[in-house]
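Here's the structure we're looking at; comments come further down.
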Amino acid sequence: MELDALLRSLEATSIATAIRENDFLFPWVESVHVLAITLVVGSIAIIDLRLLGLASLDRALTRLTANVLPCTWTAFAVAAISGALLFASNATVTHTIPIFRQSSSFWHSPVSTWRCFI
Amino acid sequence: MRTQSLDQFCAWLEQTPLSQTIQTTAWIVPTVQTVHILAIAAVMGSVLMIDLRLLGILAREQSLARVSERFRPFIWWTLPILLATGMLMIIGEPVRSLENPIFQLKMALLIAAIAATLSYQIPLGRDRAFWEVTSSRRGVARVIAIVSLLLWVGIVFAGRWIAYFDNS
């Protein structure tokens, strides 16, 4: 199957092999990934609470988004890159996990929401 | 750090009915972990906003006192949630957490991070302009912000690394 071949070649790349085989690389990349996710969720929550009219009401939405969204996008980029590296290190196994399939399709909806601001 | 009395305490804790329930009910640990990480996200977002303001990078049109007032409740109200969910995970697996050097480091970092947070909030509570009146105070505020960010990042990293120093 074509997908299997693709995942196998992804897994065989030197960076994926290094992450899989080195004792410390996987936890480091994973820690960066978790940190980035906490910053994505924590910062986008500030915007969402403002949109809901629950917090930061003394600041104009445009001011708030100008300050906060660069943090969100930077953290998102870091989360996406580190997530891709973690996926690559174990591609043939990870792609079979049902929860993983759902979470990677879920992120399309927040991304399209954020696009309203840029 | 691993002492005989800590060993005994962990052995006792493992046998309590609550610990047994956590160990044998499949959904408890993942659920508690999910709440724990969402609470961390709330703290990290708030800490980032305050620290970037302390550094003079974000929201300069607003006073530090105003920014701190807005995000401070998210830090202090979320810490009890983190403590409660963290304690449930400890009760479920006392040896894996309490006797783990990375967990002990995480708790030391947490105490330091709380101290760093108080070190700018207490003066700010007495005088709203405290950190903005002289350039030397602005310098100190920047140092506190960098130390605070490093400590909170260290806490998140340590949280993940507990799993890789499994000593149970």
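For the reader, a short list of remarks on this structure follows.
- Based on the Kirkwood approach, the hydrodynamic radius assigned to segment B:27-164 is 15.9 Å, with every pair of different Cα atoms included.
- Efficiency of FRET from Cβ geometry, B:Trp77 and B:Asp127, R₀ 30 Å, rounded to 0.05: 0.80
- Kyte-Doolittle at least -0.5, axis length at least 20 Å by Cα - qualifying DSSP helices, chain B: B:28-54, B:64-92, B:101-126, B:135-161
- Intensity falloff of the protein assembly as shown expressed as log10 I(q)/I(0), Debye formula with alpha-carbon point scatterers, at q = 0.13 Å⁻¹: -1.04
- Contact order for segment B:27-164, expressed relative to its length and based on alpha carbon pairs under 8 Å spaced 6+ residues apart, stands at 32 percent.
- Of the chymotrypsin sites (Phe, Trp or Tyr not before Pro) found in segment B:1-98, the ones in coil according to DSSP and having at most 12 other Cβ atoms within 10 Å of their Cβ are B:Trp27.
A short reminder: the numbers here are calculations on the coordinates, not readings from a lab. The shown structure was predicted, so the numbers you read here are calculated from the model rather than taken from an experiment. Quick reminder, even Gly has a Cβ in these numbers, built from the backbone with ideal geometry, and neighbours come from all protein chains shown.
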